[in-house]
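Notes follow the structure.
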Amino acid sequence: MLGSGQVAARDVLLLAGYSGSTLGNYGYLGTIMPISSPYLYKDGWLLRLWFAQANFTYLSVLGQDIRGKASEIEASVGYRTYLGDKNNRLSIYIGGVHRNARLSPDDPYSHMEERRNGARIQGDLFLRPTTNLDFSVMGSHTTHIGDKWLRIRPGYVFEERVIFGPEVVFIRGDAYNRRRVGIVLESVPLGRNAELTFSAGRERDRVQSTSGYATLSLVSWF
């Protein structure tokens with residue numbers, strides 16, 4: 001996911017990440033680039049391209065364990081505006097999603113395999129009210145497919161760009177409703193053109209048991 005600070009001041013972002021728990025895993029690869037100007041650090045229009053792969057389990061209405069696999073591609077157009085400086089910004093994206101899901105065994109009460117295409121709206125807000133306090137909230141909703149995702153991260157900034165603090169994540173889909181509570185170390189520099197973020201905590205499903213989770217994400221720019 002997008003980090004804070006210096007990342008936003010480059011021209012093209014490459015993003016990759018992996019998240020796993022006993023209830024499933026999710027990996028992604030994406031890019032964000034400006035389309036109305038040569039620079040990301042100015043207000044303007046953006047292009048967001050995304051590919052993701054997920055493996056998951058859930059408990060069906062009949063009490064049966066269902067395993068699923070889903071691949072997804074997304075293309076979105078967005079607009080970013082800076083609220084004073086590079087650490088304070090708001091981005092809104094609207095685009096299309098195509099998802100191919102497979103369930104085993106078949107779940108007659110799920111529409112996951114049928115609902116392949118949808119429109120997605122996503123918002124990202126990053127705020128730095130003081131030198132040492134950071135706050136971000138990101139969320140998305142996908143029509144027809146029915147997915148909702150929300151992440152909130154307040155944090156303390158040290159070493160100018162590294163952020164440490166708690167995170168809360170809500171994930172909701174056709175057959176699951178999950179909440180994550182954990183800690184995150186964000187925007188750890190890897191050389192001059194990359195940053196690493198790590199988070200870990202507990203994940204609770206509405207029906208299934210609580211488990212641990214861990215997430216690793218990488219942002220690179222050029």
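Determine whether residue 200 is in a loop (DSSP other than H, G, I, E, B) and either on the phi > 0 side of the Ramachandran plot or among the small types (Gly, Ala, Ser) (or both). I'd like the intermediate steps shown before the answer.
On the way: in a loop (DSSP other than H, G, I, E, B): no; either on the phi > 0 side of the Ramachandran plot or among the small types (Gly, Ala, Ser) (or both): yes.
No, not satisfied.
If we keep just the residues of segment 200-209 that are of a type outside the set (A, V, I, L, M, F, W, C) and touching a residue at least 60 places away in the same chain (Cβ under 8 Å), which is surrounded by the most Cβ atoms within 10 Å (Cβ to Cβ)?
Pass one, segment 200-209, residues of a type outside the set (A, V, I, L, M, F, W, C): 201-206, 208-209.
Now restrict to residues that are touching a residue at least 60 places away in the same chain (Cβ under 8 Å): 203, 205, 208.
Details: 203: 24, 205: 18, 208: 16.
So the residue we want is 203.
So how many residues does segment 109-142 have that are surrounded by fewer than 19 Cβ atoms within 10 Å (Cβ to Cβ) and either over 13 Å from residue 174 (Cβ atoms) or among the hydroxyl-bearing types (Ser, Thr, Tyr) (or both)?
Residues meeting the conditions: 18.
If we scan segment 210-217, do we find a residue that is crowded, with 18+ Cβ neighbours inside 10 Å and closer than 30 Å to residue 39 by Cα?
So in segment 210-217, the residues crowded, with 18+ Cβ neighbours inside 10 Å come out as 213, 215, 217.
If we keep only those that are closer than 30 Å to residue 39 by Cα as well, we get 215, 217.
So far as segment 210-217 goes, yes, one or more of its residues are crowded, with 18+ Cβ neighbours inside 10 Å and closer than 30 Å to residue 39 by Cα.
Of these, 134, 85, which one is in contact with a Pro (Cβ under 8 Å, 6 or more places away or on another chain) and of a type in the set (Asp, Glu)?
Details: 85 fails: in contact with a Pro (Cβ under 8 Å, 6 or more places away or on another chain).
Within the list 134, 85, the selection yields 134.
Give segment 175-201 a look and list any residue that's of a type in the set (Ser, Thr, Tyr) and in contact with a Ser or Thr (Cβ under 8 Å, 6 or more places away or on another chain), or say none. Before the answer, list the steps.
The initial filter retains those residues of segment 175-201 that are of a type in the set (Ser, Thr, Tyr), namely 176, 187, 197, 199.
Hits for segment 175-201 are 187, 197, 199.
Name the single residue, out of those in segment 4-18 being out of contact with any Lys or Arg (no Cβ under 8 Å at 6 or more places or on another chain) and crowded, with 20+ Cβ neighbours inside 10 Å, that is modelled with the lowest pLDDT.
Across segment 4-18, the extreme among qualifying residues is 7.
Would you be able to tell me the number of residues in segment 12-47 that are in contact (Cβ under 8 Å) with a residue 60 or more places away in the chain and assigned to a strand (DSSP E or B)?
Here the count works out to 9.
Report, by residue number, each residue of segment 164-199 that is among the hydrophobic types (A, V, I, L, M, F, W, C), surrounded by 15 or more Cβ atoms within 10 Å (Cβ to Cβ), modelled with pLDDT of 95 or more and within 24 Å of residue 68 (Cβ to Cβ).
169
The values are calculated or read from the model by the stated rules, or taken from the named source; none is laboratory data. It should be emphasised that the depicted structure is a prediction, and the values quoted were computed from it without experimental measurement. Note that we place each Cβ from the backbone using ideal geometry, even for glycine, and neighbour counts take in every protein chain shown.
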